[in-house]
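Readers should treat all values here as calculations from the given coordinates under stated rules, not as data from a laboratory. It should be emphasised that the depicted structure is a prediction, and the values quoted were computed from it without experimental measurement. Note that we place each Cβ from the backbone using ideal geometry, even for glycine, and neighbour counts take in every protein chain shown.
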Amino acid sequence: MSAIVRLENVHAAYGQEPILTDVAAEAAAGERVAVVGPNGAGKSTLLKVLLGLVPHVIGHVEVAGQSVTPGHPPSGVAYVPQSQVMGLDMPVTVWDVAAMGLLRRGFWPKKPGPKERAEVARALVAVDMLEWREELFGNLSGGQRQRVLIARALIRNAPVWLLDEPVTGLDAPTQEVIEHLIDGLRTDGVAIIQVTHDLEPARLRQFDQVWCINRRLVGRGSFDEVQKRGILADTFGVPVGKRSEGKEGGGADVPSGALSV
Ligand SMILES: Nc1ncnc2c1ncn2[C@@H]1O[C@H](COP(=O)(O)OP(=O)(O)OP(=O)(O)O)[C@@H](O)[C@H]1O
């Protein structure tokens, strides 16, 4: 399978300090990748490298057939940032935020026509937020905001999705809804690169690959591979532990504290 996301010998920095060193990884269409690692490991930075948002990058970055360089984001990408980093004091409605999905497709600042409006409405229906369309985005709960950001991404109709902790802080039913929506994209051949702090084995087994990041790519593979080879434990900075027998879900050799982040 050919890669739709490819990183080769990638080094990245915002200033003098290197944040990521010598990262090489790839994902194919229809694959879902979990990006895991401790706080400050460089997970969000990795997504930003794929978006062309990190100012200093050495190496080869390719997304949806395009070479990505700083300041030149690829066009075939939908990005769902952590919802708490969105400006909540701006007077924008749910509809406005979702309609920003049209932004990179030549419909801005031109007024969207009936076809584009129908597209925005369809995306809001998909996340069950159409009736909130006139509400200010900043007045929504975390879960509602996340649904709107997913709607915005759906409108992009992109072959690659980058998601930064899309379900962190949400209640279990809302997590289920959003996870189900994201997972459904795989059947359309979308490659999904998702930062997550959820290290539950049952969850991570749903991903095709787990990329373990701690300022470098410590390793990657299926959850069972990275767990068995001690890569997960190394990523979180503890010695390779013994496999915890009899633990529900197979037991991950990761620090217990890491399981609750
Ligand atoms: N815009 C920026 N300018 C300078 N340094 C930055 C910038 N963004 C992030 N960093 C630094 O890069 C490092 C990695 O940050 P990053 O947000 O990528 O980590 P992370 O693994 O996503 O962390 P977390 O799990 O806490 O969200 C941190 O030391 C952070 O301070």
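Given a Förster distance of 25 Å, report the FRET efficiency between SER67 and ASN157 from their Cβ-Cβ distance, rounded to the nearest 0.05.
0.70
Between VAL190 and residues 5 or more places away or on another chain, which pairs have amide H atoms under 5 Å apart, with H built 1.01 Å from N, and which residues are they?
GLY30
Which whole-number percentage describes the relative contact order of the chain, with Cα contacts under 8 Å and a sequence gap of 6 or more? Write down the numbers at each step before the final one.
Numbers: 522 pairs, mean separation 60.8, N = 261.
23 percent.
In percent, what relative contact order does the stretch 75-172 have, based on Cα pairs under 8 Å that are 6 or more apart in sequence?
Across the stretch 75-172, relative contact order equals 52 percent.
List the residues, sorted by chain then number, that are 5 or more residues from THR93 or on another chain and whose placed amide H is less than 5 Å from its amide H.
When sequence neighbours closer than 5 places are left aside, the close amide H contacts are PHE137.
Work through the residues other than ASP188 whose Cβ is under 13 Å from its Cβ and net out their charges, Lys, Arg +1 and Asp, Glu -1.
Combined, the nearby Lys, Arg, Asp and Glu give +1.
Kindly identify the stretch 28-178 as rounded, prolate or oblate by the Cα gyration tensor criterion: order the square roots of the eigenvalues as a ≥ b ≥ c, call it rounded if a/c is under 1.5, otherwise compare a/b with b/c, prolate if a/b is larger, else oblate.
Cα axes put the stretch 28-178 in the oblate bin.
By how many degrees, between 0 and 90 and to the nearest 10, does the Cα long axis of helix 142-156 differ from the longest principal axis of the chain?
80
Rounded to whole Hz and in sequence order, give me ³J(HN,Hα) for the stretch 2-7 from the Karplus expression 6.51 cos²θ - 1.76 cosθ + 1.60, θ = phi - 60°, writing x for Gly and Pro.
7, 7, 9, 10, 9, 10
In whole percent, what relative contact order does the stretch 1-140 give with Cα contacts below 8 Å and a gap of six or more residues?
Relative contact order here is 20 percent.
Net charge within 12 Å of VAL177 by Cβ-Cβ distance, Lys/Arg positive one each and Asp/Glu negative one each, not counting VAL177 itself?
-4
Along the positive direction of the dipole of the stretch 105-209 (beta-carbon charges: Lys, Arg +1; Asp, Glu -1; about the Cα centre), which of GLY189, VAL167, GLN144 reaches farthest?
GLY189
Taking amide hydrogens as modeled 1.01 Å from N in the peptide plane, which residues meet the under 5 Å criterion relative to TRP211, leaving out close sequence neighbours?
Distant-sequence amide H within range of TRP211: ALA34, VAL35, VAL36.
Given R₀ = 30 Å, FRET efficiency for ALA3-LEU136 by Cβ-Cβ distance, to 0.05?
0.15
Given just the C-alpha atoms of the chain, how large is their convex hull per residue in cubic angstrom?
135
Treat the count of other C-beta atoms within 10 Å as a stand-in for reagent exposure and order ARG215, ARG122 from fewest to most. Before the final figure, lay out each step's value.
Numbers: ARG215 18, ARG122 13.
Sorted ascending by nearby Cβ count, the order is ARG122, ARG215.
Can you put GLU26, GLU17 in order of Cβ neighbours within 10 angstrom, beginning with the fewest?
Values: GLU26 18, GLU17 7.
Listed from fewest to most nearby Cβ atoms, that is GLU17, GLU26.
What is the distance, in nm, between label points placed 7 Å from the Cα along the Cα-to-Cβ direction at TYR14 and at ARG203?
2.5
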